[in-house]
Each structure stands twice: as C-alpha cells, then as structure tokens.
Amino acid sequence: MADTFRSTEGLIDALADAEFERPPALVSNAHITGLGVARALDAHDVPVIALDRASGDAGDGGAENGTVTHDGLAPPSDAVDFAGAVTYPLDDLDGFREDVEAIVDAAGTEAVAFGCMDEWALSYAEADPDGVRLPFAGSDTLDDVLNKSELYATCERLGVPYPETYRLAETAAAGTREADATVDEAAAALGFPLVVKPELKRDFEEAFGTNVIEVADREEFADVVAAASEEGIAVMAQRRVDIATGRDHSLASYVPPSGRDDALAVVGNAAVRYPRNFGTSCLVETADEPAIEERALAVLDDAGYHGISESEFVYDEAREEFLLLDVNTRPWKWISMPVAAGANLPMAAYAAATDATYESDEIEPTRWVYLRDYLSLLAGDDAFWDQLSAADWRRLVSGAFEDEGTLTTGVYRPSDPGPAAKLFETEFVDREYYCSC
C-alpha cells in the first residue's frame with residue numbers, strides 16, 4: 001500500500017528500489033475515479049502507480065522524507081503500490097513529460113497510462129512519454145471525439161439524435177467548422193433559457209470555471225458569447241432539454257483496436273444525481289437499452305476511437321427519445337459499476353496494451369452508490385426518498401455487500417478502508433480538492 005504521497009524526486013527514489021514482474025499502470029488522477037481504476041487493476045494483480053499534482057505544501061517532514069500534501073483518496077488504498085506528484089500537464093506539458101519519463105526509467109520497465117480526467121488523458125497522448133503505452137487512441141482522434149462540433153456533425157450524419165445546436169458566427173474564427181447562426185438567429189430559434197457550450201471544453205473550463213453555461217435572456221447570452229470570443233474560444237448555443245429526472249443513461253465501454261465488434265459494454269442509468277437535477281451521479285444501475293449501445297458504438301466507430309469511454313445520453317421528454325449529449329474518452333466517477341457487473345474495462349484495456357489476458361464474465365445487474373453524496377441527499381432534500389432497501393443498508397454497514405448482493409460503492413470498502421478513512425479526515429478541512437472525480 002502507498003501510505004504516503006511522494007514528491008516527484010521521492011517517488012523516483014522509491015521506484016529505484018522496486019521490482020515489477022509486469023508493466024505497472026500509471027493512474028492519473030489519484031482521486032475517486034483513479035481509485036476505481038486502481039481497484040479494478042489490482043483485482044488482477046496489476047501494480048499501480050498513482051500520479052497527480054500535489055495539493056499544497058510539503059507534508060510532514062517535507063523535503064526530508066520526500067512527501068507532499070495530497071487530498072485525493074487513492075494513495076491510502078491497498079490497490080495503490082506507489083503514489084506521487086508530477087508536474088500538472090496544463091501548467092507545463094514538457095515538464096509533465098520529463099517527470100513521467102523519469103518515473104518510468106526509475107521503475108525499470110514500460111508502463112501503461114490511464115488518464116482519468118480529460119486533461120490527463122489528453123496530456124498523456126500529447127506528451128507521448130517514452131516508455132509509456134497508451135491503451136486508447138491518439139490525440140488527433142481524441143480531439144475529434146471531444147470536439148462538440150465534430151461530435152454533433154457525426155451524429156447528424158449517422159442519424160443519432162442530439163440536442164438542437166447552433167455553432168455561433170461570433171466565435172467562428174476559433175472554430176473548426178463553419179457557423180450555423182448568429183447570436184440573434186440562435187436566440188430566435190431556441191428561445192430562453194438556452195445553453196452555451198464550447199467546442200472544446202478544456203480552455204472554456206479554464207476561462208469560465210465550468211463546461212456549460214445556462215443563460216436566461218438575450219443580454220446574458222450576448223455577454224457570454226462576447227467573453228468567449230475575447231478568450232478565443234468557439235462556442236455553440238444548444239436548446240435546453242426538458243430532461244426526465246432519473247433517466248440519464250450512459251454507455252460504459254472499452255473498444256479494442258480491433259473495433260466495435262469486440263467491444264465490452266454496459267449501459268448505466270444515473271438514477272440519482274447530487275444535487276438531484278444537475279449534479280454528478282451518486283446512484284447508477286445497469287439498464288437494458290440496446291439502442292443506446294448501438295448508437296454510442298456507431299459514433300465511436302465512425303471516429304476511429306479505441307479505448308475506455310462513457311457516452312452520455314439524456315431523455316428528452318418533449319421528443320420522447322434519448323439524445324447523445326457528450327462522450328468522455330476516459331474512465332469516469334462510477335467506473336466501478338461496470339467492473340462489478342462483469343465488465344472490467346480497465347483490465348481489458350491493460351490486457352490489450354500488454355501480454356496479459358482478460359475475458360469478461362457474464363454481465364450481471366449491478367448498482368453503484370457514492371455514499372458521501374447519497375447520504376447528503378437523504379439528509380438535505382426532503383423530497384427525495386431512499387432508493388436502497390433495508391437489506392442493502394445492512395450489507396453496507398456489515399461489509400457483506402462486497403461478497404453478496406448487487407450493490408457496489410465508489411469509495412467505501414471495508415476490505416480497503418484507507419480511502420474512506422481519508423475522506424472523513426479531509427471532509428472537514430478548509431480546502432477543496434481540485435477535482436470532484
């Protein structure tokens with residue numbers, strides 16, 4: 001177990017004394033999503049090195065023992081062998097590459113990279129460090145899938161339903177496709193409120209602190225578009241979908257280099273979000289929606305993408321159909337659900353990048369809960385009714401859910417108590433980890 005989060009130098013020193021019988025996995029970030037990936041790989045005896053940026057100053061002992069502060073939850077996990085800091089790639093991509101190459105060199109073996117947020121996945125692809133194998137498509141393909149203009153153009157061509165969207169002339173100079181409408185034309189077509197989205201969300205998030213902005217009127221709409229234009233970011237206007245609460249679905253999949261016919265996939269229903277209507281998933285369950293699987297895999301196949309991904313759909317009550325909203329080309333917060341259901345997507349990706357083998361078991365009905373958010377919802381929303389049974393709660397409290405039943409969790413595991421214990425420790429500290437996933 002990695003009981004400390006080391007500085008880059010401290011991690012390199014520790015790895016110099018280690019021996020690996022198979023390529024280790026480099027998992028970034030080292031928080032909830034990274035923890036899910038680490039546990040999935042550790043179940044097949046894959047060594048895990050968790051890499052992230054430091055949260056703050058040097059830890060106890062600082063430079064003397066080579067540790068730094070980190071508030072993520074993966075390093076205390078028994079599934080993580082080593083954990084340490086690297087240069088944050090959005091601050092310095094060359095520095096990130098140099099750090100990763102030095103870490104791989106110290107380990108004395110090649111490694112397989114798992115980027116668990118867009119910036120990490122893209123940065124591993126763009127930096128292309130020596131000695132690192134990527135179990136997903138290269139940066140050009142990633143850009144095509146993550147670019148909303150390209151994604152929706154693909155949907156249009158394939159007949160996959162998506163929300164009504166217009167690329168805006170006012171930011172067309174920064175775009176990759178021709179504009180569809182001006183601000184005035186889009187406002188007239190969509191009405192208010194409407195949603196403003198970027199073509200590529202990374203720069204937009206850096207500038208605005210979010211990847212989507214809902215605007216209530218023409219003046220607010222024009223202000224957001226003008227600000228995006230000033231930042232050199234292409235944006236689009238999208239109809240605000242009248243979403244059916246509890247009916248958001250996603251395809252969790254791993255598509256190998258051989259293509260969609262060999263894909264491993266599970267459809268998940270985000271039955272509960274926290275906050276309820278616009279937050280992140282806190283209760284997800286398997287669902288039988290073959291149309292979602294077919295449409296998502298068609299889009300991924302058209303883009304030539306291979307790797308782990310989550311294709312997000314919302315149910316539009318007005319149109320009475322599922323609409324493709326986004327594709328995340330990396331693991332995500334509830335990655336443990338398909339793993340528990342019998343589709344260990346991280347292990348399938350690792351096996352394809354190495355000489356390891358993996359075969360999926362039969363897919364079983366499974367639910368995933370992130371107890372921190374679920375309990376917050378129960379305590380703070382009088383309109384929300386508990387969707388877990390008394391038997392579920394007994395299994396959770398006793399730990400029996402790890403061996404029986406159909407429920408798994410995001411962080412809490414009695415067999416691996418470190419992450420949940422750290423969550424208690426950091427929950428009441430007056431600083432916020434940079435990523436909720």
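Observations, loosely collected:
- For segment 422-428, 3J(HN,Hα) per residue [Karplus equation, 6.51 cos²θ - 1.76 cosθ + 1.60, θ = phi - 60°, Hz, x = Gly/Pro]: 5, 4, 4, 5, 8, 4, 10
- Cut-off under 5 Å, modelled amide H: who pairs with residue 29 long-range: 34, 116, 117
- Using alpha-carbon coordinates, inclination of helix 290-303 to the longest axis of the chain, degrees: 90
- Across segment 312-328, coupling constants 3J(HN,Hα) worked out from phi with the 6.51/-1.76/1.60 Karplus curve, θ = phi - 60°, read 9, 10, 10, 9, 8, 5, 5, 8, 6, 7, 7, 10, 6, 9, 6, 10, 9 Hz, and Gly and Pro carry x.
- Between helix 32-42 and the chain: long-axis angle, C-alpha atoms, 0 to 90°, nearest 10: 50
- Each Lys and Arg Cβ is given +1 and each Asp and Glu Cβ -1; about its Cα centre, segment 240-367 then shows a dipole of about 640 debye.
- Judged by the mean number of other Cβ atoms found within 10 Å, the most tightly packed of the peptides 174-183, 298-307, 136-145, 341-350 leads the ranking 341-350, 298-307, 136-145, 174-183.
- Cα gyration tensor shape for segment 8-138, rounded if a/c is under 1.5, else prolate or oblate: rounded
- Segments 397-404, 161-168 sorted - mean Cβ within 10 Å per residue, highest first: 161-168, 397-404
- Every helix of 4 or more DSSP H residues in the chain counts as -39500 (n - 2.57), and over all residues that averages to -10000 deg cm²/dmol at 222 nm.
- Scanning residues 5 or more positions from residue 407 or on other chains, those with amide H under 5 Å from its amide H are 367, with H placed 1.01 Å from N in the peptide plane.
- Within the set [x] 24.5; [y] 23.9; [z] 22.5, the number that Kirkwood radius over Cα pairs in Å takes when calculated for this structure is listed as [z].
- Net charge dipole size for the chain [Lys, Arg +1 and Asp, Glu -1 on Cβ; Debye, nearest 20]: 900
- An oblate overall shape is assigned to segment 249-428, the ratio a/c of its alpha-carbon gyration tensor axes (a ≥ b ≥ c) being 1.5 or greater and a/b not exceeding b/c.
Laboratory data are not the source of any read-out in this text; all were calculated from the coordinates shown. Given the structure is predicted, the values throughout are model-derived calculations rather than measurements. We place every Cβ from the backbone using ideal geometry, glycine too, and count neighbours over all the protein chains shown.
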